[in-house]
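Okay, so here's the structure we're looking at.
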Amino acid sequence: MDELKRILDDILLKSLDVRPEVQWLQKQYLLFMKKNGLTTKRDADMLLYEKMYAALPEQDSQITKVRFWRTGHHVPSDRKQVLMFGKALELSGEDQQYLLQVYADRSDLVFDASDADSPLYQERRRIMDTMIQEYLCKLHPMERRKYGIFSEDPLPSLRHIYFSQACEYTFRSAESDTRQISRMTSISYGSELLKNMKLFGEIPRKTMIRHILIMCIPFLNERVINLYLSSFGYCPLRAEHTLTSGERFDAMLLQILALYRDRCLHKSPEECRRWLQEAFRYTDQYLCAQGQNRLRPFYFKTLEKKET
C-alpha cells in the first residue's frame, strides 16, 4: 500500500491550497466591481448584500458572511442563498451553473414528490432504478446467504445489502464482524437512503458518488462514475475540483481508480473486488487517523456512532 499512502499524503498536502473555485469567484467579483464602478471589495460586499436581501446592512456583521464567501472561509449555507448570490453577482447562465455545481458542489436541480410527472425526473429515476437493478443482479448466491437474504426478489432488502457492503469498505470491517452493526445502521438510515434512491431532496454530490461506488464495484472506472454523475445533474470528476471545505476528493478518487486499473487489469471480478476492499479499507483507516472524515469515501456518521 506504499503507492496508496503516497497518493493520500499528496492529497492531504494539496488540500491546504486555495480552492480553484474560490479563485474563479474572486475573478467574478472583479468583473462585478468593474461593471458597477466600485473601487473596494467592501463596497462590493455591501452592494451584493443589498441586492440579495433588498435592504441595506444595519451593521457591519451582517455583510461578514458575504465577505467570507468571497475569501473562501465559507460557502452559502443552502441552495437558495447560492442562487441569490449568483443572481446578485449578475452571472451568466453558464457561470450560474458553475457556481451551483462546481463552487457549491450541488446538483443542478432538486426534486420532490410533486415532480413525479416531470419528464426529466422520470428519466433520472429510470437511470437510478436501472443502476439499482444491475447492482442487485450482481449478488452471488453466497452473498445472499451471507447477508441473510433468502427471498427471490432482493429489492426489499436493498437497505441491508447496501449497508453490509458499505461496511466492507471501511477499516473496521477488517477488525470485527460488522453484520449486526450494518443492520442497526441501515435501519436508522433507511428513510434517508430511500429518499436518495427516489432522488428526492438535496443529495450531496459526495453521497451520490458513494452510491455509485457501492453499486458499480467492481465494474468501476472514471467513465462510469462520470456518466452517472452527469446523468444525475452533478459536476463530473475533475482532478482540480474540490469539496466546499477545500479537500481534493476528486483527485484522490481519480488516482485510486488509476491505481486500480493498473493493478487489476485482466483479473477476475472477485479479485478486483477484493483489491478495492483492501484499498478502501486502508484509505478509510489512514484518513480517519488523520482526522480527515470529509475525504473518506465510505464515511457514515451513523456508523461511527454505533461503533464508538
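Can you go through Lys267, Lys301 and tell me which one is in contact with a helix residue (DSSP H, G or I) (Cβ under 8 Å, 6 or more places away or on another chain) and of a type in the set (Lys, Arg)? Please lay out each step first, then the result.
Values: Lys301 fails: in contact with a helix residue (DSSP H, G or I) (Cβ under 8 Å, 6 or more places away or on another chain).
After ruling out the rest, the residue left standing is Lys267.
None of Leu91, Leu120, Leu139, Leu83 is of a type in the set (A, V, I, L, M) and closer than 16 Å to Phe232 by Cα except Leu120. The condition (being more than 24 Å from Glu270 (Cα to Cα) and at pLDDT below 80) is satisfied by just one residue among Ser173, Ser188, Ser118, Ser182: Ser188. Within the stretch 77-88, one or more residues are of a type in the set (Phe, Trp, Tyr), surrounded by 18 or more Cβ atoms within 10 Å (Cβ to Cβ) and at pLDDT 95 or above.
Please go through the stretch 92-114 and give me each residue that is of a type in the set (A, V, I, L, M, F, W, C) and over 12 Å from Glu202 (Cβ atoms), ordered by number. Working first, answer last.
To start, the set of residues in the stretch 92-114 that are of a type in the set (A, V, I, L, M, F, W, C) comprises 99-100, 102, 104, 109-111, 113.
Selection gives Leu99, Val102, Ala113.
Only a single criterion out of (1) farther than 23 Å from Lys14 by Cα; (2) open to solvent by 10 Å² or more (accessible area, probe 1.4 Å); (3) of a type outside the set (Asp, Glu) is not satisfied by Leu213, namely (2). Within the stretch 127-170, if we keep just the residues that are hydroxyl-bearing (Ser, Thr, Tyr) and in a loop (DSSP other than H, G, I, E, B), the residue that is modelled with the highest pLDDT turns out to be Tyr169. If you go through the stretch 238-250 and pick out every residue that is more than 15 Å from Ile203 (Cα to Cα) and either among the basic types (Lys, Arg) or open to solvent by 10 Å² or more (accessible area, probe 1.4 Å) (or both), you end up with 6.
What are the residue pairs meeting all of these: first residue in the stretch 4-20, first residue under 14 Å from Met252 (Cα atoms) and open to solvent by 80 Å² or more (accessible area, probe 1.4 Å), second residue at pLDDT 95 or above and not in a helix (DSSP H, G or I), Cβ atoms under 7 Å, and 6 or more apart or on different chains? Between residues of the stretch 4-20 that are under 14 Å from Met252 (Cα atoms) and open to solvent by 80 Å² or more (accessible area, probe 1.4 Å) and residues that are at pLDDT 95 or above and not in a helix (DSSP H, G or I), the close pairs are Lys14/Arg248.
A search for C-beta distances below 9 Å between a residue of the stretch 265-293 that is without any contact (Cβ under 8 Å) to a residue 60 or more places away in the chain and any residue that is outside any helix (DSSP H, G or I) and among the basic types (Lys, Arg), counting only pairs 6+ apart in sequence or on different chains, returns Pro269/Lys138; Trp275/Lys267. The set of residues in the stretch 79-122 that are assigned to a loop (DSSP other than H, G, I, E, B) and in contact (Cβ under 8 Å) with a residue 40 or more places away in the chain comprises Leu89, Glu90, Leu91, Ala104, Asp105, Arg106, Ser107, Asp108, Leu109, Val110, Asp112. Looking only at the stretch 89-99, count how many residues are buried (at least 20 other Cβ atoms within 10 Å of the Cβ) and more than 22 Å from Glu50 (Cβ to Cβ). Selection size over the stretch 89-99: 0.
Under the condition of being touching a Phe, Trp or Tyr at 6+ places or on another chain (Cβ under 9 Å), of a type in the set (D, E, K, R) and either over 29 Å from Glu240 (Cα atoms) or not in a helix (DSSP H, G or I) (or both), the residues counted in the stretch 7-58 number 1.
The values are calculated or read from the model by the stated rules, or taken from the named source; none is laboratory data. Not measured: the values here are computed from a predicted model. Please note: Cβ atoms are built from the backbone with ideal geometry, for glycine as well, and neighbour counts cover all protein chains shown. Remember, those area values only see protein heavy atoms, side chains included, never the ligands or the DNA or RNA. Shrake-Rupley method; radii C 1.70, N 1.55, O 1.52, S 1.80 Å.
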